[in-house]
Amino acid sequence: MLLAIDTSAGTSVAVVDREAGILAERSSDDTRRHAEVIGDLIAACLADSAIAVADLSGVVAGMGPGPFTGLRVGIAAARAFAVGAEKIVVPVVSHDAVAFRTDGPLIVATDARRHEVFWSAYSGSDASGLPVRTHGPSLAKAAELEHAVAGFDTYRLSEPRTVSAAALGLVAELLYANGRPFAADEPLYLRSPDVTLSAGPKRVTS
C-alpha cells in the first residue's frame, strides 16, 4: 500500500494498493498553491482511505518533469513524510503516470511555464501494463512543440492540468511487482531554477 504525491503540474495525492486499486485521491489544479494545499490533501487521503500510516509500504514521489518551485514541494513532502513514517521513497517519472493505461501511441505535454512545455512520447504499454517511453522527457517552446515531435504524427496528444497521483502509485506498484527499476532519485527540472546562489560572498562597501 502506497501514499503517492505529485506536484509536477497541479497537486495530487492518493493512497493506492496493487490488489485493491485506488483507495483515495484528492487533487487541485492550482499550479501556484502546492505548498498551501499539500498537507490538507495528504491528511484527507489518509482519512478517506481509513489507512493508518503504519500500514503504508512506502511513499511515491513524482519526479517530474516539472517547474522547479512546484515540483520540489511534492518531492520534499514525500521525503519528509517518509522520514517521519520510517518508510521508503519510491521515485517515478510523472509523465509515465499520464501514459498509464492509455491505448496506442501518445505524446504527453505538461506546462513548463515561460511559454515552454515538457513532453514525452510513448508507444503504448508493454505486456505488464507499464507505459513504454520512447522519447523524453524533453523541454521545448510551446510554439515549437509540433516541430519537436515531427515524425510522431500517428501519436495523439495529452495535455493534463494535473498528473494523477493514483496513476503514479499504480505505476510504482507494477514496477515493483515486475522487478523493474524505479526512476532515478533526482528531480527532472530540465532547466536551471530562476534564482541561483552567487558564486562567492557578496562584497560590501561603505
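Look at the range 147-176: where a residue is surrounded by fewer than 18 Cβ atoms within 10 Å (Cβ to Cβ) and a partner is in a helix (DSSP H, G or I) and modelled with pLDDT of 95 or more, sitting 6+ places away or on another chain with Cβ atoms under 8 Å, you get Ser158/Val98; Ser158/Ala99.
Return the residues of the range 1-31 that are free of Cβ contacts under 8 Å to residues at least 24 places away in the same chain and under 16 Å from the mean Cα position of the chain (by Cα); say none if nothing qualifies. Give the steps one after another, and end with the answer.
So the first thing to find is which residues in the range 1-31 are free of Cβ contacts under 8 Å to residues at least 24 places away in the same chain, and the list is 19-20, 26, 30.
Those that are free of Cβ contacts under 8 Å to residues at least 24 places away in the same chain and under 16 Å from the mean Cα position of the chain (by Cα): Arg26, Asp30.
When the range 42-92 is filtered for residues that are part of a helix (DSSP H, G or I), more than 18 Å from Ser27 (Cβ to Cβ) and either at pLDDT below 95 or of a type outside the set (Gly, Ala, Ser) (or both), the ones remaining, listed by number, are Val53, Asp55, Phe68, Thr69, Arg72, Arg79, Val83.
I'd like the full set of residues that are assigned to a helix (DSSP H, G or I) and touching a strand residue (DSSP E or B) at 6+ places or on another chain (Cβ under 8 Å), limited to the range 134-146. Outline the logic, then answer.
Quick first cut of the range 134-146, residues assigned to a helix (DSSP H, G or I) only: 142-146.
Correct list: Ala142, Leu145.
With the requirement that a residue be touching a Leu at 6+ places or on another chain (Cβ under 8 Å) and assigned to a loop (DSSP other than H, G, I, E, B), what does the range 104-133 give you? Selection gives Ser128, Gly129, Leu130. If the condition is being charged (D, E, K, R) and in a helix (DSSP H, G or I), then the range 93-103 contributes only Asp96. Considering only residues in the range 99-132 that are more than 20 Å from Phe68 (Cβ to Cβ) and β-branched (Val, Ile, Thr), the one that is surrounded by the most Cβ atoms within 10 Å (Cβ to Cβ) turns out to be Ile107. Of the candidates Ala165, Ala177, the single residue that is among the small types (Gly, Ala, Ser), more than 16 Å from the chain's Cα centre (by Cα) and within 21 Å of Gly62 (Cα to Cα) is Ala177.
Got a number for residues in the range 161-177 being more than 17 Å from Arg133 (Cα to Cα) and either outside any helix (DSSP H, G or I) or among the small types (Gly, Ala, Ser) (or both)? Spell out the reasoning first.
From the range 161-177, those more than 17 Å from Arg133 (Cα to Cα) are 161-162, 164-166, 169, 173, 176-177; that's our starting set.
From what's left, either outside any helix (DSSP H, G or I) or among the small types (Gly, Ala, Ser) (or both): 161-162, 164-166, 169, 177.
Residues that pass the stated criteria total 7.
Scanning the range 137-158 for residues that are of a type in the set (A, V, I, L, M) and either closer than 21 Å to Ala9 by Cβ or touching an Asp or Glu at 6+ places or on another chain (Cβ under 9 Å) (or both) gives Leu139, Ala140, Ala142, Ala143, Leu145, Ala148, Val149, Leu157. The residue of the range 1-40 that is surrounded by the fewest Cβ atoms within 10 Å (Cβ to Cβ), among those that are more than 24 Å from Arg113 (Cα to Cα) and in contact with a Lys or Arg (Cβ under 9 Å, 6 or more places away or on another chain), is Asp40.
The values are calculated or read from the model by the stated rules, or taken from the named source; none is laboratory data. Treat the numbers as computed from the prediction; the structure is a model and nothing was measured. Counting neighbours? That spans all protein chains shown, and the Cβs are built from the backbone with ideal geometry, glycine included.
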